[in-house]
Structures are given as C-alpha cells and as structure tokens.
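Structure first, commentary second.
The values are calculated or read from the model by the stated rules, or taken from the named source; none is laboratory data. Predicted model, so just to flag it, every value in this text is computed and none were measured. Heads up, the Cβs are rebuilt from the backbone with ideal geometry, glycines too, and the neighbour counts pull from every protein chain shown.
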Amino acid sequence: MKKKVGIFINNNPYFIRFIYALILLNIVALILESYEGLRTSYEHYFYGFELFSVAVFTVEYLLRIWASDLSKEDKKERINFAFSTMGIIDLIAILPFYLPFIFPFDLRIVRVLRLFRLLRIFKLARYSKSLKTIKSIFKETKTELSVTVFVTFVLLLLSSTLMYYIEHDEQPEQFSNIGDAFWWGIATLTTVGYGDVYPVTGLGKLLSGFIALIGIGFVALPTGIISSSFIEKIQEQKRKKESPKKCQCPKCGEMIEL
C-alpha cells in the first residue's frame, strides 16, 4: 500500500498536474484577494478555496512523510524528509493556516501569516524542470557567487563608512550614522539612485560617481556567472537529448543504438 502511494504522489502525471495547477491557482487567488472589491464580494469563495487547498496540501504532506521511508525501512528517513528543503516548504505551505487556531494571534499577525501562502509557489520546484535547473545552477556556482557577494558587501561597507565621514557634517539628518549611509550605498552601488539621499560636497560627489562606476561591474558579476552556467546547463541537457541511446545486446554483449 505504501509503495503504491509513493508511486502515485511522485510519478502519477495526473496527480502532479493537479498539484501544479492548484499551486498556480493559489497564487492567482492571493493576487485577486488583494483587491478590496473582489475580497469583499467573494470572501466566502476565497475562504472555501483556501480550505480546499489546505486540505489537499495537508493530505499530500502527510502522505509524503508516511511514504518517505520506502527506499530504507527506517523511521529516520521520515525525519530527514521533514527537515529537508522540500519538506519544510510543504510544511510552511499549510502551517500559517493552522497557527491561528492553536495560538491567539493579533489580526495584524494573522495578515502577515497569510503572506506565507505565497511560499507555496516553491512547491513547484518538485515538479518544474526549470526550477530544478535553476536550483542546480545555484548549487554549482555557490562558491563564485559567495565571493562576489562578499566583495560587494565589503565595497558597500567601505563606501558607506567613507561617505558618512565625508557628508555627516553637511547633512547630519541624511547621514546621521553609518547604517543610514548604507541606504545611499545600496542605491548607488546598484546604480538605482533614488535621489532621496545624495552627497552635496565635492569629495562626496566624486566618491559617489566612483562607487556608481564600480557598481556597474560588480553587480553585473553574479548575473554573468548565473547566465553562463544556465547556458552551459541548457546545452548539456540538449546534448543528452540528442545523443543516441545505447543498450547492451543480450546475445553478443556489444553496445547497440536504439
């Protein structure tokens, strides 16, 4: 029985498509519910759909935990699944609905908990080949990305500290401390430049322009790393599809193309 359930929830195409569609519909419902007119007029429908979704996701989560020890008859496998990335995502998809019934939360906190419904989109990672590809790309490039993130943080820290000491006397409200200068650093380093905080001294303007030029290169580095890895992964997948499949001949033992 457990084996049949495991095969059904992991390999049955109809079940996978149903869960896939339900996740997407949940995202659509979350967006539509943000419109006050729709939320007021169709509140019961939204709540009914939420009940149905939570019921389905709860049953799916419990079945996955129950069938997670198929490969090894060990109860530790269930614990491993519960604390795995996908297991935690499955739990977060349903937990915010049950928490208000267990703990008496303020209405504002309940609204925040509802935002966690958006995390249900990450359940698609179990079924979407595209998301699996992106996940593998991040795993393969985590060292390079960590280096670029660290260098960017160091540059942000240095530039914000320098700008604080340069501009603090002229603009004590905008650059009251290094923490406030971080906002200017982020806006400048990412070349967004909102314009609400900007230097007025000559030295500050020079530093701001220098940081903006450096930011063009440093912020683009992670994008280049991910893009090149993505292209390589796509090409690798194409080569695997195009390469002829071979099997061993049971009579002569030679490899033959199918």
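Rundown of residues vs (1) outside any helix (DSSP H, G or I); (2) surrounded by 13 or more Cβ atoms within 10 Å (Cβ to Cβ); (3) at pLDDT 85 or above, yes/no style:
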site: PHE8; (1), (2), (3): no, yes, no
site: ASN26; (1), (2), (3): no, yes, yes
site: ILE65; (1), (2), (3): no, yes, yes
site: LYS72; (1), (2), (3): yes, no, no
site: LEU91; (1), (2), (3): no, yes, yes
site: PRO96; (1), (2), (3): no, yes, no
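Looking at the range 22-72, which of the residues that are of a type in the set (Ser, Thr, Tyr) and touching a residue at least 12 places away in the same chain (Cβ under 8 Å) is farthest from VAL5 (Cα to Cα)? Let's see the steps before the verdict.
Taking the range 22-72 first, the residues of a type in the set (Ser, Thr, Tyr) are 34-35, 40-42, 45, 47, 53, 58, 61, 68, 71.
Narrowing the set further to residues that are touching a residue at least 12 places away in the same chain (Cβ under 8 Å) leaves 53, 58, 61, 68.
Working: SER53: 20, THR58: 15, TYR61: 12, SER68: 10 Å.
Taking the candidates together, the pick is SER53.
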When you scan the range 105-118, do you find a residue that is among the β-branched types (Val, Ile, Thr) and at pLDDT 75 or above, even just one?
no
